[in-house]
Amino acid sequence: MLGRSLLRRGGFRWYAPQHYVVGGGTATSALPGLLQELGCRRPLVVTDPYMVSSGKVATLGAALEEQGASYGVFSDTVPEPSTADVDGTLAAFQSGNHDGLIALGGGSPMDIAKVAGILAANGGHCRDYKFPSVVPAPGPPLVAIPTTAGTGSECTKVAVITDVQTQEKMMMAHPYLMPSGAIVDYQLSMTCPPRLTADNAIDALTHAIEAYVSRKQNPMSDAIALEAIRKLAPNLRRVWKEPGNEQGREELMYAASLAGLAFSNSSVALVHGMSRPIGAHFHVPHGMSNAMLLPAITEFSVSAAAGRDADC
């Protein structure tokens, strides 16, 4: 099914982080040099309370300080990011005179950091940049470091933020939301609990499947989506049975990142279209709502792309 003609469809354009680092231990070994390349000496780390209490932020900070960099921390984030989280991050960024951002955590800190950077550069409010609005200028350098294998936000030009006034789960999509750098270090996911591991992996699997069956697919997104699908299911089972299995964790982390690249350059579809309002109104974890919806929506839509669904 990979042979659709590009000539008929006018070609395609590909977006990815400028710097992409993969490997165990790279969060500490590669981060200082990457920030130097990006011209960033005073980053703000956007993260969650667990990353602080577990010592992961301190470990990264020590690596930065060894290279002469200073850093600040904003950790007052929640699993379903809102405009209040973005506003708090923006205030911390501006008051601390920071020149870049590090997002450490799951999809929430990464999406918050992306949008805060856009507001720092362009002003206004989150709703001003809701899709299909144009983002006039890029934000400061952003290095995204995922600690879960799910959202793939380190490799996407998309962010989803809930408006606290309207409870709308707003999608923002623009190339300027793509992080400057991504560091995919599976060792950060080793302590992820089973339920969260499963929810995130199903989110990644849904990204890959929807990227492949989307009408906006292209040959590169196809190849990457299929590779992500190939890795996700067996390694989720492996890690579920053996949470400390390093090879399984590494494969899951890499596959989730591939799935992010795939859907960011293709699109998601009806599962995510229905999952967002469920999350906004009922506060169901995103991966869980995807798992609830995926079988029914696949059954509903299979006749439109039976061959592609079969490939998955």
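The values are calculated or read from the model by the stated rules, or taken from the named source; none is laboratory data. Remember, it's a predicted structure, so these values are computed and weren't measured experimentally. A quick note on method: Cβ atoms are made from the backbone with ideal geometry, for glycine too, and the neighbour counts reach across all protein chains shown. Note: accessible area is taken over every heavy atom of the protein model, side chains too, but ligands, DNA and RNA are not part of it. Shrake-Rupley method; radii C 1.70, N 1.55, O 1.52, S 1.80 Å.
Residues in segment 188-198 that are at pLDDT 95 or above and assigned to a loop (DSSP other than H, G, I, E, B): Met190 alone. Of all residues in segment 227-273, those that are surrounded by 21 or more Cβ atoms within 10 Å (Cβ to Cβ), within 24 Å of Ser303 (Cβ to Cβ) and of a type outside the set (Gly, Ala, Ser) total 5.
Determine which member of the set Ala262, Ala296 is in a helix (DSSP H, G or I), free of Cβ contacts under 8 Å to residues at least 40 places away in the same chain and not β-branched (Val, Ile, Thr). Break it down stepwise before answering.
Numbers: Ala262 fails: free of Cβ contacts under 8 Å to residues at least 40 places away in the same chain.
The conditions single out Ala296.
Against the condition within 18 Å of Ala144 (Cα to Cα) and over 18 Å from the mean Cα position of the chain (by Cα), how does Lys114 come out, does it pass? For Lys114, the condition - within 18 Å of Ala144 (Cα to Cα) and over 18 Å from the mean Cα position of the chain (by Cα) - is not met. Run Leu252 past the list (1) in a helix (DSSP H, G or I); (2) modelled with pLDDT under 90 and report the number of the one that doesn't hold. Single failed check for Leu252: (2).
Just one of the listed residues (Ser289, Ser267) is without any contact (Cβ under 8 Å) to a residue 24 or more places away in the chain and not β-branched (Val, Ile, Thr), namely Ser289.
Got at least one residue in segment 199-221 being more than 24 Å from His98 (Cα to Cα), open to solvent by 50 Å² or more (accessible area, probe 1.4 Å) and not in a loop (DSSP other than H, G, I, E, B)? Can you show your working first?
Pass one, segment 199-221, residues more than 24 Å from His98 (Cα to Cα): 199-221.
Add one more test, that the residue is open to solvent by 50 Å² or more (accessible area, probe 1.4 Å), and what stays is 215-216, 220.
Checking the rest, the ones that are also not in a loop (DSSP other than H, G, I, E, B) come to 220.
Yes, that holds for at least one residue.
Selection of segment 274-290 for residues being assigned to a helix (DSSP H, G or I), of a type outside the set (D, E, K, R) and open to solvent by 40 Å² or more (accessible area, probe 1.4 Å) yields Met274, Pro277, His281, Phe282, His286, Met288.
Restricting segment 56-72 to residues that are surrounded by fewer than 18 Cβ atoms within 10 Å (Cβ to Cβ), in a loop (DSSP other than H, G, I, E, B) and of a type in the set (Gly, Ala, Ser) leaves a set whose member that is modelled with the highest pLDDT is Ser70. Residues in segment 17-30 that are open to solvent by 50 Å² or more (accessible area, probe 1.4 Å) and either of a type in the set (A, V, I, L, M) or modelled with pLDDT under 90 (or both): Val22 alone.
Yes/no matrix, rows are residues, columns are (1) surrounded by 24 or more Cβ atoms within 10 Å (Cβ to Cβ); (2) at pLDDT 95 or above:
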| residue | (1), (2) |
| --- | --- |
| Gly96 | no, yes |
| Asp99 | no, yes |
| Asp111 | yes, yes |
| Phe131 | no, no |
| Pro141 | no, yes |
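Taking the criterion of being more than 18 Å from Ala256 (Cβ to Cβ) and touching a helix residue (DSSP H, G or I) at 6+ places or on another chain (Cβ under 7 Å), the residues of segment 208-218 that qualify are Val213, Gln217. Residue-level check: of (1) open to solvent by 10 Å² or more (accessible area, probe 1.4 Å); (2) part of a helix (DSSP H, G or I); (3) out of contact with any His (no Cβ under 9 Å at 6 or more places or on another chain); (4) farther than 21 Å from Val158 by Cα, Ala84 misses just (4). Note on segment 35-55: residues that are in a helix (DSSP H, G or I) and over 19 Å from the mean Cα position of the chain (by Cα) amount to 5.
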